[in-house]
Amino acid sequence: MIEVIPGNITHAAIMAEIHGAASPDPWPLSAYAESLKNPSTHSLLVLEEGTPRGFVLVQQAADEAEILMIAVNPSFQGKNYGKHLVVSIAEQLEQKGVKALFLEVAEDNAPARSLYAKCGFAQVGRRKGYYAHANARRQPVKVDALLMRLDIVETDR
Ligand SMILES: CC(C)(COP(=O)(O)OP(=O)(O)OC[C@H]1O[C@@H](n2cnc3c(N)ncnc32)[C@H](O)[C@@H]1OP(=O)(O)O)[C@@H](O)C(=O)NCCC(=O)NCCS
């Protein structure tokens, strides 16, 4: 059974663990603990048979919100858990009066860009050289950040 549950401070460690498995540049546990204490952040976890597979963390400011992080355990990526999380958080934010959901994604992050495209996000800006990634030779490479927006009121669900 797949279910989506609200996240809270007790989920900081599992979020940090999933992020650590999914990304070469994860946030420390303390960053999750701090974020989850903040009353303007909201989060959801997707569980399969009770085991967390992924999560989304957003921050709300009036009628706008931003995805701070979304990550799915690498062994379970490509199974629509990411989409499930985005659709579910958009529904929850709609109830809280949010009209637009924003995020920033590295231009070279193909899986994340696929996810956001299929969820209806549109590119609304670009920050040149915003991210510094390491290439195969461990040399720093500048990558643009794409700013993306989803109009929640127009989401087709
Ligand atoms: C981004 C992420 C959350 C997506 O989670 P997911 O559960 O795999 O998401 P979904 O299964 O709903 O969709 C993923 C899409 O990416 C596609 N995809 C997967 N690998 C891909 C690749 N290498 N190139 C292009 N598309 C890819 C999948 O095919 C799927 O699209 P489709 O359904 O149209 O075929 C996951 O890849 C992740 O945790 N990445 C690491 C953390 C990260 O980068 N987060 C985003 C920060 S902005």
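The values are calculated or read from the model by the stated rules, or taken from the named source; none is laboratory data. The shown structure was predicted, so the numbers you read here are calculated from the model rather than taken from an experiment. Note that we place each Cβ from the backbone using ideal geometry, even for glycine, and neighbour counts take in every protein chain shown. The area values use the complete protein model at the heavy-atom level, side chains included, leaving out ligands, DNA and RNA. Shrake-Rupley method; radii C 1.70, N 1.55, O 1.52, S 1.80 Å.
Every residue in the range 20-36 that is of a type in the set (S, T, N, Q) and either surrounded by fewer than 19 Cβ atoms within 10 Å (Cβ to Cβ) or not in a helix (DSSP H, G or I) (or both), please. Those that are of a type in the set (S, T, N, Q) and either surrounded by fewer than 19 Cβ atoms within 10 Å (Cβ to Cβ) or not in a helix (DSSP H, G or I) (or both): SER23, SER30. For the structure I just gave you, tell me whether ALA90 is open to solvent by less than 60 Å² (accessible area, probe 1.4 Å), away from the ligand (no atom under 13 Å from the Cβ) and under 21 Å from TYR32 (Cα atoms). When the stated conditions are applied, ALA90 passes them. Of all residues in the range 68-101, those satisfying the criterion of being more than 20 Å from HIS19 (Cα to Cα), hydrophobic (A, V, I, L, M, F, W, C) and not in a helix (DSSP H, G or I) are VAL98, ALA100, LEU101. Within the bounds of the range 73-83, is there any residue that is more than 8 Å from the ligand (Cβ to nearest atom) and closer than 21 Å to LEU150 by Cα? No, every residue in the range 73-83 fails to be more than 8 Å from the ligand (Cβ to nearest atom) and closer than 21 Å to LEU150 by Cα. In the set (1) without any contact (Cβ under 8 Å) to a residue 12 or more places away in the chain; (2) touching a Phe, Trp or Tyr at 6+ places or on another chain (Cβ under 7 Å), the condition left unmet by ALA71 is number (1). Within the range 42-67, the residues that satisfy the criterion of being away from the ligand (no atom under 16 Å from the Cβ) and part of a strand (DSSP E or B) are HIS42, GLN60, ALA61, GLU64.
Residue by residue, here is whether (1) open to solvent by 50 Å² or more (accessible area, probe 1.4 Å); (2) over 22 Å from MET1 (Cβ atoms); (3) without any contact (Cβ under 8 Å) to a residue 60 or more places away in the chain holds:
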site: ALA13; (1), (2), (3): yes, yes, yes
site: ASN38; (1), (2), (3): yes, yes, yes
site: HIS42; (1), (2), (3): no, yes, yes
site: GLU49; (1), (2), (3): yes, no, yes
site: PHE55; (1), (2), (3): no, no, yes
site: GLN60; (1), (2), (3): no, yes, yes
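Here ARG149 meets each of (1) near the ligand (Cβ under 8 Å from one of its atoms); (2) of a type outside the set (A, V, I, L, M, F, W, C); (3) under 19 Å from ASP63 (Cβ atoms) with one exception, condition (1). Is it the case that VAL153 is touching a residue at least 24 places away in the same chain (Cβ under 8 Å), of a type in the set (A, V, I, L, M), open to solvent by 70 Å² or more (accessible area, probe 1.4 Å) and part of a helix (DSSP H, G or I)? So VAL153 passes the test.
Restricted to the range 95-136, and to residues that are under 17 Å from PRO24 (Cβ atoms) and more than 13 Å from the ligand (Cβ to nearest atom), which residue is surrounded by the fewest Cβ atoms within 10 Å (Cβ to Cβ)? Residue satisfying both the conditions and the ranking: ALA136. Residues in the range 94-111 that are in contact with a strand residue (DSSP E or B) (Cβ under 7 Å, 6 or more places away or on another chain) and farther than 22 Å from ALA61 by Cβ: ALA106, GLU107, ASP108.
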